[in-house]
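Peer 1: Okay, handing you the structure first.
Any read-out appearing in this document is the output of simple, stated calculations on the displayed coordinates, not a laboratory observation. All figures in this text were calculated on a predicted structure; none of them were measured in a lab. Don't worry about glycine lacking a Cβ; one is built from the backbone with ideal geometry, like all the others, and counts go over all protein chains shown.
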Amino acid sequence: MDLLRELFRYHAWAALRLIDACIGYPPAIVHEIVVATDRSILHILTHLVGTEQVYLETLTGEAAADTIRRGEVLSLTDLRPRYQVQSRRWDAALERIADLDVTIPADAARPAMPHAQNLLFMQMIQHGIDHRTQICTTLQTLGLEAPAIDGWAYWAAAYQADSSSKQ
């Protein structure tokens, strides 16, 4: 089993599952400010997808066809298909990960980071977990049921034939 590919598949599945859950909520809910942040659920989901666009462009040198601008907030129905396209681009990047050699340039906060292709995948996954957790906590604080998006739920959905009856 290719662990990096499996982690990526989990990450993409969890993001889409959370977007789908949020599509089912009234607009007031997705405009609710996420606990301990100054942004709404919708803003955080847009930020998540937009930031991954930046990571992917850094990794491959190829910009997204529909780039999300900093601070932009998209509707969930616009965000979902963009994320699906982006997930396919990440999957394609995994196919050529051994051929990539990315150096992240230095900035005010850190030195240059050579050979950072695996770092970009790791950061994408960690960043997604962090923000999905914030959103699920907010949903639960509002008295709503957050979707099951942990590793157990992913594994059941991906590998157990009768998983659809368990969710």
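Peer 1: Please arrange Phe8, Phe121 by how many other C-beta atoms lie within 10 Å of their C-beta, fewest to most.
Peer 2: In order of increasing Cβ crowding within 10 Å: Phe8, Phe121.
Peer 1: Got a sec? Which residues in region 20-41 would a label at Gln84 touch, if it sits 7 Å along Cα→Cβ and we count backbone N under 20 Å?
Peer 2: 20-25
Peer 1: If you rank Ser40, Ser75 by fewest surrounding Cβ atoms within 10 Å, what's the result? Walk me through the numbers on the way to the answer.
Peer 2: Values: Ser40 18, Ser75 12.
Listed from fewest to most nearby Cβ atoms, that is Ser75, Ser40.
Peer 1: Okay, next question. Alpha carbons only, please: Rg and Dmax for region 37-167, in angstrom.
Peer 2: Spelled out, the Cα radius of gyration and Dmax of region 37-167 are 16.6, 51 Å.
Peer 1: How far, in degrees from 0 to 90, does helix 117-141 lean away from the longest principal axis of the Cα atoms of the chain, to the nearest 10?
Peer 2: 20
Peer 1: When the Cα centres of region 79-147 and region 1-59 are compared, how far apart do they sit, in Å?
Peer 2: Comparing the Cα centres of region 79-147 and region 1-59, I get a distance of 9 Å.
Peer 1: Where does helix 3-23 land angle-wise versus the long Cα axis of the chain, in degrees 0 to 90, nearest 10?
Peer 2: It is inclined by approximately 40 degrees.
Peer 1: Here is a follow-up. In terms of the Cα gyration tensor, with a ≥ b ≥ c the square roots of its eigenvalues, is region 107-164 rounded because a/c is under 1.5, prolate because a/b exceeds b/c, or oblate?
Peer 2: Numbers: a/c = 7.24, a/b = 1.60, b/c = 4.52.
Oblate is the answer for region 107-164, as a/c is 1.5 or above yet b/c matches or exceeds a/b.
Peer 1: Can I ask one more? With angles folded into 0 to 90 degrees, how steeply does helix 41-60 sit against the dominant principal axis of the chain? Use alpha carbons for both and round to 10.
Peer 2: 20
Peer 1: Find out how many positive minus negative residues lie around Ala93, taking Lys and Arg as positive, Asp and Glu as negative, among other residues whose Cβ is under 15 Å from that of Ala93. Intermediate results must be reported in sequence, preceding the final value.
Peer 2: Numbers: positive: Arg5, Arg9, Arg88, Arg89, Arg96; negative: Asp2, Glu52, Glu57, Glu62, Asp91, Glu95, Asp99, Asp101.
Here the charged neighbours net out to -3.
Peer 1: Ranked by Cβ crowding within 10 angstrom, fewest neighbours first, how are Trp13, Trp152, Trp90 ordered? Could the numbers behind the result be given before it?
Peer 2: On the way: Trp13 16, Trp152 9, Trp90 20.
Taking fewest neighbouring Cβ atoms as first place, the list is Trp152, Trp13, Trp90.
Peer 1: Estimate the FRET efficiency between Tyr25 and Gln126 by the formula 1/(1 + (r/R0)^6), using the beta-carbon distance for r and 30 Å for R0, to the nearest 0.05. Mind showing how you got there, number by number?
Peer 2: On the way: r = 26 Å, r/R0 = 0.85.
So the FRET efficiency works out to roughly 0.70.
Peer 1: Continuing with this model, one more query. So how far apart, in nm, are the two label points at Asp101 and Arg70 if each is 7 Å from Cα heading toward Cβ?
Peer 2: 3.1
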